[in-house]
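J.: Here you go, one structure.
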Amino acid sequence: MKLRKPPPTIVEEPTGWPGRLWVEGRTLTHVSDVEGQAELKRGPGSKTDLEVFHNPAMSGNRTRSVLLLEQCLREDWLTKEGAPLRILDGLAASAIRSRRWLNELPVECSSRLLTTICDINPTSLSWARKNHQTYPQGTIENAAWNVEEDYENGLKFVNGDLRKKVLEHGWQWIDLDPFGSPVPFVDAVIQGLSRRAVLEVTATDTAALCGSSASSSRRRYGVRAVVDDLRHDTAIRVLIGHIASIAAKHDRIIEPLMSVFDDHHVRISLLVTKSKEKASDVFSTIGWRIHKPTEEEIQISISAGLHPAGSDGSPQISALVPYDNQPFGLIKGRVSGPLWTGPIGKGEILANMTEERAQEYCALSEMDDSETISILEKVKQNSGSSDEKIVEKILQTSSRQAIRAVAGLAEVSPVIHLPNTYPVDMLPAIIGNIAGPPSPSKLAKMLRDDGWLAERDILMVPAVRTNAPWSVIVEAIKSLSPKFSDCEE
């Protein structure tokens, strides 16, 4: 196999370079010299006045993508063993995600990547290219890109509108991470996928997905959504349902691999497969969430396999019902949907999202990343820091960030396929005569001890995901939370 020569080094510096130096995962990157671009907090709320958009609050999102891609390559979900994988980082901005894939994956995985980064902003691409040349990751002699045209040490840089560029190939992995809603891009992206592919989608328009902006909910997603402590689970299901419906129009089906509501955004990872026959059955996994359901509605949910049997007739928080059981008149304040009613993730995927694995791949190591740590140490010293524990603190911060990215995911893996989750702060108002909400960890343990599946959920509010019947849940809560009358005595 004849290896192509690497492209000549481009020395031009983009506008605003070098800005600020930042490390995400184990990857160095220069970002704009603007507040919020290189700090451990929520990123900039606007793209105005930025040479290139970089949101450090999305670092956990990108860490999980490294781990998911590693598992995909190791288990050969999409290709034959050892074959190249064609990836599109669709709205790349700083291209930190693609560069992290190359830098943080094991060589046997990163050498298989044929990664194209696309952005409509040429300045973003110039920063991405300069970062890639300053801290190159693609230097493997037998890597797949060495026999492909236009790859610069592992990355191909494309300037243009994603909605046009995505249709030029059949992509096996597409990352869609827009500033705002993914809705304008989903249709084109679905069409650009190969027959079997992974699609990862980020949505920051959580007000529309959760229902707090009713007009946006209806305009973008064609849904209503009730705003209560189930809103994060509802948001995930609205987004999955929306993409499933669009996929079906193009004879494709989706299978959620992992879904996370993380601070200010929803992130879903889907396996998308071509199948006209199965796409015709899309509405078998789309339906409605009824809040404070009637006993009749609960029985419909039980009959559809969307709710545990064992209702005792007492009030419940919610129930999922099939699409064909659309509640009459879509009663405002009581119905969310249409939305996805199937599993929002796969247990075997989340079980691999462990703290140990996140640290192994995505946290700085004093042994393996000595050069990177030395660069960061000099930057700290040049900024006036005289702290003798600079290296120790760099390593601790990197480790904490990696752990935070996967917090709770492995623990919830045994129950992620279950449809019902119970935010504990909603329980006192539903059950009545208890002093307060139970500890979700204690409630889950009590239900497990009784033989049911139950784990603390990964929503932004304390909740328990379980298959226990409502009557069992109520009894467990009453034993954990004393009654008002008992407190008064």
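J.: Within the range 185-220, which residues are surrounded by 17 or more Cβ atoms within 10 Å (Cβ to Cβ) and of a type in the set (Lys, Arg)?
T.: Passing the criteria: only 220.
J.: Now, a different point. Could you count how many residues in the range 180-206 are assigned to a helix (DSSP H, G or I), under 23 Å from residue 66 (Cβ atoms) and of a type in the set (Val, Ile, Thr)?
T.: Matching residues across the range 180-206 total 1.
J.: Given 178, 182, which one is surrounded by fewer than 21 Cβ atoms within 10 Å (Cβ to Cβ), within 16 Å of the chain's Cα centre (by Cα) and more than 20 Å from residue 343 (Cα to Cα)?
T.: Selected residue: 178, the only one of 178, 182 that is surrounded by fewer than 21 Cβ atoms within 10 Å (Cβ to Cβ), within 16 Å of the chain's Cα centre (by Cα) and more than 20 Å from residue 343 (Cα to Cα).
J.: Pick from 429, 454: which is under 23 Å from residue 320 (Cα atoms) and free of Cβ contacts under 8 Å to residues at least 24 places away in the same chain?
T.: Of the residues listed, the single one that is under 23 Å from residue 320 (Cα atoms) and free of Cβ contacts under 8 Å to residues at least 24 places away in the same chain is 429.
J.: Residues of the range 98-124 being surrounded by fewer than 23 Cβ atoms within 10 Å (Cβ to Cβ), outside any strand (DSSP E or B) and of a type in the set (A, V, I, L, M), which ones?
T.: Within the range 98-124, 105, 107, 120 qualify.
J.: May I pose another question? What tally of residues in the range 221-265 results from selecting those that are crowded, with 22+ Cβ neighbours inside 10 Å, of a type outside the set (D, E, K, R) and over 18 Å from residue 457 (Cβ atoms)?
T.: 9
J.: Please specify each residue of the range 269-298 satisfying the condition of being without any contact (Cβ under 8 Å) to a residue 40 or more places away in the chain, charged (D, E, K, R) and either buried (at least 18 other Cβ atoms within 10 Å of the Cβ) or in a loop (DSSP other than H, G, I, E, B) (or both).
T.: Matches in the range 269-298: 281, 297.
J.: Could you please let me know if residue 393 is farther than 23 Å from residue 320 by Cβ, assigned by TED's automatic domain parsing to the domain that holds residue 369 and not aromatic (Phe, Trp, Tyr)?
T.: Yes: the conditions hold for residue 393.
J.: On to the next question. Just give me the residues in the range 397-444 being surrounded by 15 or more Cβ atoms within 10 Å (Cβ to Cβ), farther than 24 Å from residue 313 by Cβ and among the hydrophobic types (A, V, I, L, M, F, W, C), in sequence order.
T.: 402, 403, 405, 406, 409, 410, 412, 415, 416, 444
J.: Provide a single number: the residues in the range 299-314 that are crowded, with 18+ Cβ neighbours inside 10 Å, of a type in the set (A, V, I, L, M, F, W, C) and touching a residue at least 60 places away in the same chain (Cβ under 8 Å).
T.: 1
J.: Do any residues in the range 249-268 that are under 15 Å from residue 203 (Cα atoms) and among the aromatic types (Phe, Trp, Tyr) have Cβ atoms under 6 Å from those of residues that are in a loop (DSSP other than H, G, I, E, B) and modelled with pLDDT under 95, where the two are at least six apart or on different chains, and which pairs are they?
T.: Within 6 Å, the pairs are 261/460.
J.: Determine, yes or no, whether residue 163 is in contact (Cβ under 8 Å) with a residue 12 or more places away in the chain and more than 18 Å from residue 252 (Cα to Cα).
T.: yes
J.: Limited to the range 207-238, what total is found for residues that are without any contact (Cβ under 8 Å) to a residue 40 or more places away in the chain and in a helix (DSSP H, G or I)?
T.: Number of matching residues: 13.
J.: Hey, could you check the range 268-295 for residues that are among the polar types (S, T, N, Q) and more than 13 Å from residue 340 (Cα to Cα) and say which is modelled with the lowest pLDDT?
T.: Residue satisfying both the conditions and the ranking: 294.
J.: Within the range 151-168, can you find the residues that are surrounded by 15 or more Cβ atoms within 10 Å (Cβ to Cβ), out of contact with any Pro (no Cβ under 6 Å at 6 or more places or on another chain) and at negative phi?
T.: 151, 155, 156, 157, 158, 162, 163, 165, 166
J.: Could you figure out which of (1) within 24 Å of residue 405 (Cβ to Cβ); (2) outside any helix (DSSP H, G or I); (3) not hydrophobic (A, V, I, L, M, F, W, C) isn't true of residue 361?
T.: That leaves (2) as the condition not met.
J.: For the range 177-199, how many residues meet the condition of being closer than 23 Å to residue 124 by Cα and out of contact with any Leu (no Cβ under 7 Å at 6 or more places or on another chain)?
T.: Residues flagged as closer than 23 Å to residue 124 by Cα and out of contact with any Leu (no Cβ under 7 Å at 6 or more places or on another chain) within the range 177-199 amount to 6.
The values are calculated or read from the model by the stated rules, or taken from the named source; none is laboratory data. Remember, predicted model here, so these are calculated numbers, not experimental data. All Cβ positions, glycine included, derive from the backbone under ideal geometry; neighbour counts span all protein chains shown.
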